[in-house]
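Taking it in order: structure first as structure tokens, then the write-up.
What follows draws every value from the coordinates through simple rules; no lab data is involved. On a predicted model such as this, the values are computed, not experimentally measured, just so you know. Glycine also receives a Cβ, built like all others from the backbone with ideal geometry; neighbour counts cover every protein chain displayed.
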Amino acid sequence: MRPISLLSVWSDESVKVADVLEALDALRRPEPMPPTRTSVLTLVIVAKRRAEAARAQAAVHELGGRHPARVLTLLLDDSAGAGHLAAELRLLGGEADGRDVWFEEIELRVRGPVVQHLDSLIEPFTLPDLPVVCWFVTALPHVGDPLLAAADVLVVDARHFGDVACFATLAELSRRRPVVDLSWVRLTPWRALLAGLFEGPDFRPFVGCVERVEIWGRTGPRHLLGGWLADRLDLPSAAIGLSPAPHVGLRLHTRSPAGDRATFEVIRGDGRLVAARAAIADGPASEAVLQLPEATPAWGLIEALSHLERDAVYEPALRRAVEL
Amino acid sequence: MSVLPPNPLLEGLEGERRAPPCTLVVFGASGDLTARKLLPALERLARRRLLPTAFSVVGVARTEWTDEEFQARASEVVKDALAQPQWTSLTRGFRYVAGEYGDPATFERLGAVLDDLDRQRGTGGNRVFYLATVPEVFASVAEALGAHGLARPGPGAFVRVVIEKPFGRDLTSADALDTCLHRVFAENQLYRIDHYLGKETVQNVLALRFANAIFEPIWNRRYVDQVQITVAEAAGVGHRGGFYESAGAMRDIVQNHVMQVLSLTAMEPPATVDAKGIRDEKVKVLRAVKVFSPDEVAANVVRGQYERGWVEGEEVRGYREEAAVAADSRTETFVAAQLSIDNWRWAGVPFYLRTGKRLPKRVTEVAMEFHSVPHLPFPPGQARGLGPNAMVLRIQPDEGITLRFGAKVPGQALQVRTVSMDFSYGAAFVEESPEAYERLLLDAMAGDPTLFIRTDEVDQAWRICDPILDAWAAQDAPLPSYPAGSWGPAAADRLLERNGQAWRSP
């Protein structure tokens, strides 16, 4: 098993797009490639700081050969000054699951007016007939950003933006393009565990009888969970209490029409263990424990890149999150 | 019966199906299949969050274990230390019933444990009985479940039973088993498992054929010259010599795995990709497979038995030297056949089947070779390297699709040569493929019988295989040997040579 490694590299501090395309073609030619390349998307990473771009690239590397994509990193310098384009091309290859794989990384450092016209920059690099996924790692784009027109799907991370105001922007963006929010994706275990607690004839009757919800966690995730529960269970905002905490957790207090009380909770315990428990007062109880995957940069990205379509649950959850 | 309100929190999470609350009862819980396949499959389902919160496993077997010993055994299957806490938490709820399958007390204790789990964990009276036992006890376990009121679901609940192949030794015994099972269970409660159908790439045959417009027009006698289905194993019979002696390649592989792959490859497009739609079409195409007379068996079917040889760089013993195999065994370890499907789509197209143990490599594939072009406009010298077009569906290992076609060799001259375009299933998707048992266990719990075998499919497969087995038994047909590590006896090659064709090298 050969790990994914750098096969060739090319760089130039001042180039035109045509030069980069020509270099890209030349870079591939001398390498002994597998008969065909299988790619499933063009991934555009949009960042303002090198460290953020590097983290995103590391996540893509971690996907390795399992998710072949052309990766284009746009490192933006929006300071004033003359337009400038620098490029670095990297050809990576190795073995994944016993097969030869290879993929290109294109890094463009961009300055000047072209920062406002990134759509024109990425079009020449996109693979034909495949979705273009734009991952905004530093800041959300404004709704009029021309880059949105070139993107089929936007990837963001609500936790990273760290303020409640981002939900209004995200809600607006999600009307323009499908948005895949890594925070939302990472919350899937919590949502699945909570939903699972209401399965079965003993617990299901309580799903429509939620009186009060406690949610704790960081700004972003706790709001998304709150918006989700408010929307799905048709709860007033006042029934949802949010409080800050390093890890996400939630507890639902319910009372059936017959007066039976039950609590449903999903709580992160030691390490990366999440425990879910449903308990009916004087009745059955069920519980499940889930080990979260390692918190690597790729966590969530794999799931996100597998579902590049509108999320009919996320979008209304966002709208309710704005109210919390 | 009160109707449960919908669970709005599941919305958006249903892309991956989850099992409803239930208890999985495994008969043969101390056995090999449970340890090697079922428990690891459950662990993976748990890791993927596809098991319900209200869930338990009850193991039943003769071995005198306690709940704790069964739980410890279940814990051992997890190699990944990271997943251990989650799995340990789940296995803590596992229960065990020790007892003989013929003893009514075993089933009384089982009934009490199941009731107890329903009360404590909210499993709702839903049960899946998995018969991971030797087939000889299928009937008695089913009868005992019926006699103790465990086969009938309560209001709003379900009871299903999963049984492993072999489904009989022939049509008569398969029918007898079915009659026995049907005395206790309705057909829609029965889930006959052939793990081949749980393989992603077997299901991909359906996706390739029925989700793409470009293949359907050429998927017929007008374009297809021949079809070759290969299910090859490098392994020998290992510790299964005793079982294999009474089964042979025909019963072990052809009657089930090969017939399933054949039917998925050759069936007509179903109106719907659901259990009824797919299984109806599979039965229809199996019904169109020509049944051989004894003379036709001699002309169209070759069997063989491996002798000492070299496989994957190691010298291996011959079949008759294997443990629990008779020194004068007449059991076939290899079968090759030319079948025909008598319908409009496939009339005249030979379907070559080949399966065996101790072949050069482990590979399963379906290869369709197409007719040559009606007129080749290149001088013979310029097309020397050109073979017929072919499409190969590689089922295992290295799952994917290869398309073989002619292309110009770079250079000044117009030379044409065959090239292969390769699609690797693993390289195109980021999702991890579920193991066959993982998929099928979830299907059984979720109540989706699409990938399980219906009783009429079993009957049709035996209708094709029985005359071959009968002819071999009656005629004492030749049983040529082949060296381990070869592609079978020379007679298998002659099956195709008489038609001017040859086996592929997978």
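Net charge dipole, chain A: roughly 580 debye, given to the nearest 20, about the Cα centre with Cβ charges of +1 for Lys and Arg and -1 for Asp and Glu.
Each peptide in A:185-197, B:94-106, A:231-243 gets a packing score, the mean of other Cβ atoms within 10 Å over its residues, and the list from highest to lowest is A:185-197, B:94-106, A:231-243.
Distance between the modelled labels on A:Glu22 and B:Ser173, one decimal in nanometres: 7.5 nm (7 Å Cα→Cβ projection). Please compute the Kirkwood hydrodynamic radius of segment B:294-413 from all pairs of different C-alpha atoms, in Å with one decimal. When all Cα pairs of segment B:294-413 are included, the Kirkwood radius is 18.4 Å. Seen against the Cα atoms of chain B and their longest principal axis, helix B:455-475 is set at about 60 degrees. Considering segment A:186-323 at the alpha-carbon level, its Rg and Dmax are found to be 15.1, 47 Å. If exposed GluC sites (Glu not before Pro) are those in a DSSP loop with at most 14 other Cβ within 10 Å, what is the longest stretch of chain A that has none? By the stated rule (loop sites, at most 14 other Cβ atoms within 10 Å), A:14-293.
Per-residue shielding of A:186-197, expressed as the average number of other chain Cβ atoms within 10 Å of the residue Cβ, stands at 5.
The C-alpha atoms of chain B define a longest principal axis, and helix B:67-76 lies at about 30 degrees to it.
The residue list A:Leu301, A:Phe161, A:Leu233 was ranked by how far each Cα lies along the charge dipole of chain A toward its positive end, using unit charges on Cβ atoms, and A:Leu233 comes out on top.
Full extension of the chain between A:Ser306 and A:Thr188 gives 41.1 nm of extra length, using 0.36 nm per residue less the Cα-Cα distance.
Place a +1 charge on the Cβ of each Lys and Arg in segment A:186-323 and a -1 charge on the Cβ of each Asp and Glu, then give the dipole magnitude about the Cα centre in debye, rounded to the nearest 20.
Dipole about the Cα centre, nearest 20: 280 debye.
Scanning residues 5 or more positions from B:Gly387 or on other chains, those with amide H under 5 Å from its amide H are B:Thr418, with H placed 1.01 Å from N in the peptide plane. Distance between the C-alpha centres of segment A:174-247 and segment A:261-315: 10 Å, rounded to the whole angstrom. The calculated FRET efficiency for B:Asp115 paired with A:Ala245, based on their beta-carbon distance and R0 = 45 Å, is about 0.65. Our summary gives chain B a relative contact order of 17 percent, counting only alpha carbon pairs under 8 angstrom and 6 or more residues apart. Against chain A, whose longest principal axis comes from its Cα atoms, helix A:165-176 is set at around 70 degrees. Highest mean packing first, where packing is the average number of other Cβ atoms within 10 Å per residue, the peptides B:490-500, B:341-351 line up as B:341-351, B:490-500. Look at the alpha carbon pairs under 8 Å that are at least 6 residues apart: their mean separation over the length of segment A:178-324 gives a relative contact order of 31 percent.
Once you reduce segment B:199-269 and segment B:96-155 to the center of their Cα atoms, the two points are 35 Å from each other.
Across the alpha-carbon atoms of the protein assembly as shown, the computed radius of gyration and Dmax are 30.0, 93 angstrom.
Inter-chain Cβ neighbour count for A:278-290, averaged per residue, equals 5 (cutoff 10 Å, partner chain atoms only). With a Förster radius of 45 Å applied to the beta-carbon distance between B:Ala235 and B:Glu100, the computed FRET efficiency rounds to 0.85. For chain B, the 222 nm mean residue ellipticity estimated from helices alone, with every DSSP H stretch of n ≥ 4 adding -39500 (n - 2.57) and the total spread over all residues, rounds to -9500 deg cm²/dmol. Where both residues lie in chain B, what percent of DSSP beta bridges are antiparallel, nearest 5? Looking only at bridges with both residues in chain B, the antiparallel portion is about 55 percent.
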